[in-house]
1. Write out the trypsin sites (Lys or Arg not before Pro) in the range 41-123 meeting two conditions: DSSP loop, and at most 12 other Cβ atoms within 10 Å of their Cβ.
2. Filter the GluC sites (Glu not before Pro) in the range 34-123 to those in DSSP coil with at most 14 other Cβ atoms within 10 Å of their Cβ, and list the result.
3. Given a 1.4 Å probe and every protein chain left where it sits, what share in percent of the accessible area of the range 1-70 is carbon and sulfur?
4. Which loop chymotrypsin sites (Phe, Trp or Tyr not before Pro) in the range 21-92, with loop taken from DSSP, have no more than 13 other Cβ atoms within 10 angstrom of their Cβ?
5. Give the cross-link partners of K65 among the aspartates and glutamates, using a straight C-alpha distance below 15 Å as the criterion and excluding same-chain residues fewer than 8 apart.
6. What accessible area per residue comes out for the range 1-86, rounded to a whole number of Å², with a 1.4 Å probe?
7. Mind jotting down the distance between the C-alpha centroids of the range 1-27 and the range 70-101, whole Å?
8. Nothing charged except the Cβ atoms of Lys and Arg (+1) and of Asp and Glu (-1): what's the magnitude of the dipole of the chain about its Cα centre? Round to the nearest 20 debye.
Amino acid sequence: QVQLVESGGGLVQAGGSLRLSCAASGRTFRSYAMGWFRQAPGKEREFVATISWSGSSTAYTDSVKGRFTISRDSAKNTVYLQMNSLKPEDTAVYYCAARYGTNSYVDGRYDYWGQGTQVTVSS
């Protein structure tokens with residue numbers, strides 16, 4: 001069992017930055033690939049970024065490439081999403097998720113989810 005708790009969301013002006021954190025419980029954190037997803041009002045949840053269990057492989061949706069960076073600290077059982085140059089269209093609830101095995105951009109392949117953290121970008 002893995003429990004995930006996100007933090008770091010908030011209100012920021014366009015062009016600003018936020019860093020989201022996702023703290024994971026459980027001894028097997030290192031065995032899990034991690035992902036960040038987001039859901040804006042009235043829209044389906046969408047993939048944002050993913051990182052492999054080793055941290056050696058990452059992937060991003062096109063709209064955040066060059067602006068967002070996913071990373072993990074296995075010693076702290078935490079995965080991060082550094083978000084720079086934020087845009088109003090980045091406004092959403094952001095969720096972290098854990099998947100045993102390889103990383104994936106498909107939300108249905110993730111086994112555990114956090115409760116989400118709100119990110120609001122004003123124009």
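1. On the way: sites: K43, R45, K65, R67, R72, K76, R99, R109; in loops: K43, R45, K65, R67.
Hits after loop and neighbour filter: K43, K65.
2. E44
3. 45 percent
4. none
5. E46, E89, D90
6. For the range 1-86, the per-residue accessible area is 52 Å².
7. About 6 Å separates the Cα centre of the range 70-101 from the one of the range 1-27.
8. Result for the chain is approximately 280 debye, rounded to the nearest 20.
The values are calculated or read from the model by the stated rules, or taken from the named source; none is laboratory data. Since we're looking at a predicted model, the values are computed, not measured. Note: ideal-geometry Cβ built from the backbone for every residue, glycine included; neighbour counts use all protein chains shown. All accessible areas refer to the heavy atoms of the entire protein, side chains included, with ligands and DNA or RNA removed. Shrake-Rupley method; radii C 1.70, N 1.55, O 1.52, S 1.80 Å.
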